[in-house]
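Right, one structure below, let's go through it.
The values are calculated or read from the model by the stated rules, or taken from the named source; none is laboratory data. Predicted model, so just to flag it, every value in this text is computed and none were measured. All Cβ positions, even for glycine, are placed from backbone atoms using ideal geometry, and neighbour counts span all protein chains on display.
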Amino acid sequence: MFGRGIDKSRGLLFCTHDLSQSLRNTADELRREVESLDANRLLNTAPEDLKNYLSGKYRIEPIRLLRDQWYADTRETQVDVRYDRSRWIDDTSRPVMVPGERVEVHVPFKGEAELFYAQPNTWTTSPPRAVIETQELVLRYDSPADAPREVRPLVDRALTEIEQYLGWQRGMIDAHNSDLPAIAAQAIEQRRTRLLAQSQRAASLGIPVRRRDDAPQTYAIPTARKKAAPALPPASTTPFTPEPAWAMEQYELALKIMQDMTLVMERSPDAFKTMDEEALRQHFLVQLNGQFEGKATGETFNMAGKTDILLREGERNVFIAECKFWKGSKAFGEAIEQLLGYATWRDGKTAILVFNRGTETSTVLASVDATAKAHTNFKRAVNWPHESGFRYVFHANGDTNRELILTVLVFHVPK
């Protein structure tokens, strides 16, 4: 990761190579790794997981001196005193060795040892000196036995200078580390976009195209005219069939339509206080079908088995929502299981609409969050500020790279 420039044997710190360039090289290594990944490997890996992996791999740990663990050693040694002005030395062309002692102060540290040789943007013309041995910084002081040196002030001054350099480095390294997720996400997205575009261009040729092992497996459904399930790309004789993924703006629109139903409930409480799950679901279906265009062969949103609200593309489900009255954590966990059983696409969009009658909303929200995060398929929570809902990412059964977004909305239903 870091280059080794001039000889370090002289013990000079923070002047061997430029830290700024090293950090740029590290970011470039991340981009090169993304470009070198097998196409199938990249496309079949959840982008968020790949981003986190790369951010962790190319993260740099700043050096932190562990002063509370330092220790000192002393031993006898021979000391060259030819330049000692307190002594009369006629010939300084050769070493003049006398008995002496060596004091070594060992300061353990955490972080990347090579950073001790990286020059930050701020530096001095007289860098500190020390020896780096594995994970210890070693300060050495030799003095004649008949004139021992006062070492402690020298140690304190040296460590003060070293800490100053480490502080200058830390600001640069923290900025690098905070930029890594965005760098990784951009590199991943750019390559995914290229691969998917290549596949779509090949599929649109209208002639047989040899199937590649790295053929992309997903594409985003367009959002023109709010069509929830537009046509797949032009037909081709190639066996490759892309996997649609509902665009986020469509997903957000469907959620907004469902949230707007709460206003209707609030304004007409008497009309809803006796409704069961099926009756409430029908009201949501009416609103959704009024906003999204379906295929000519049938309604876009319909009931199928135990699934309450379903959007299908071909033979697969692209959006699924479950409508459930709140009956406790166990029942909510079963609703999650239902969704996982139906959602088979990569980048699936799902929702659970929780109708709450009689339980404190705060209690329901706390139970929803705890149950979702305890599920074995839970991957991460998504920052989605909402006063009565949460958003999570789950993985499909048996495949951690097939992710689905689950948004949970809790509605208060009049008694």
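Against the list (1) more than 52 Å from the chain's Cα centre (by Cα); (2) under 30 Å from residue 20 (Cα atoms); (3) aliphatic (A, V, I, L, M), the condition residue 60 fails is (1). Selection of region 263-282 for residues being surrounded by 17 or more Cβ atoms within 10 Å (Cβ to Cβ) and either not hydrophobic (A, V, I, L, M, F, W, C) or not assigned by TED's automatic domain parsing to the domain that holds residue 349 (or both) yields only 281. Consider region 257-281 and keep the residues that are touching a residue at least 40 places away in the same chain (Cβ under 8 Å) and among the polar types (S, T, N, Q). The one that is nearest to residue 320 (Cα to Cα) is 259.
The single condition among (1) at pLDDT below 95; (2) in the same structural domain as residue 54 (by TED's automatic domain parsing); (3) among the β-branched types (Val, Ile, Thr) that residue 155 does not satisfy is (1).
Pick from region 41-79 the residues that are in contact with a strand residue (DSSP E or B) (Cβ under 9 Å, 6 or more places away or on another chain) and β-branched (Val, Ile, Thr): which of them is surrounded by the fewest Cβ atoms within 10 Å (Cβ to Cβ)? Here the answer is 74.
Of the strands (runs of 3 or more DSSP E) entirely within region 296-352, those holding at least 2 residues that are assigned by TED's automatic domain parsing to the domain that holds residue 254 and modelled with pLDDT of 85 or more occupy 316-325. Return the pairs, sorted by first residue and then second, in which the second residue is among the charged types (D, E, K, R) and not in a helix (DSSP H, G or I), the first residue lies in region 35-49 and is under 22 Å from residue 393 (Cα atoms) and without any contact (Cβ under 8 Å) to a residue 40 or more places away in the chain, the beta carbons are less than 9 Å apart, and the residues are 6+ apart or on different chains. Note: pairs meeting the criteria are 41/214.
Here region 372-404 is the region considered, the condition is being under 18 Å from residue 45 (Cβ atoms) and among the basic types (Lys, Arg), and the residue that is modelled with the lowest pLDDT is 402. Inclusion of residue 130 among residues that are in contact with a strand residue (DSSP E or B) (Cβ under 7 Å, 6 or more places away or on another chain), assigned by TED's automatic domain parsing to the domain that holds residue 81 and in contact (Cβ under 8 Å) with a residue 60 or more places away in the chain is warranted. Can you say whether residue 41 is part of a helix (DSSP H, G or I), at pLDDT below 90 and farther than 24 Å from residue 164 by Cα, as far as the supplied structure shows? In short, yes. Before we move on, is residue 149 closer than 20 Å to residue 77 by Cβ and surrounded by fewer than 18 Cβ atoms within 10 Å (Cβ to Cβ)? For residue 149, the condition - closer than 20 Å to residue 77 by Cβ and surrounded by fewer than 18 Cβ atoms within 10 Å (Cβ to Cβ) - is met.
Taking the criterion of being charged (D, E, K, R) and in a helix (DSSP H, G or I), the residues of region 23-38 that qualify are 24, 28, 29, 31, 32, 33, 35.
Scanning region 121-135 turns up one or more residues that are touching a helix residue (DSSP H, G or I) at 6+ places or on another chain (Cβ under 8 Å), of a type in the set (D, E, K, R), surrounded by 14 or more Cβ atoms within 10 Å (Cβ to Cβ) and under 30 Å from residue 159 (Cα atoms). Within region 384-413, restricting attention to residues that are under 19 Å from residue 254 (Cα atoms), part of a loop (DSSP other than H, G, I, E, B) and of a type outside the set (Gly, Ala, Ser), the residue that is farthest from the chain's Cα centre (by Cα) is 387.
Taking (1) of a type in the set (D, E, K, R); (2) in contact with a Phe, Trp or Tyr (Cβ under 7 Å, 6 or more places away or on another chain); (3) modelled with pLDDT of 90 or more in turn, residue 68 satisfies each apart from (2). For region 19-29, the set of residues classified as crowded, with 17+ Cβ neighbours inside 10 Å and either over 30 Å from residue 131 (Cα atoms) or not aliphatic (A, V, I, L, M) (or both) consists of 22, 26, listed by residue number.
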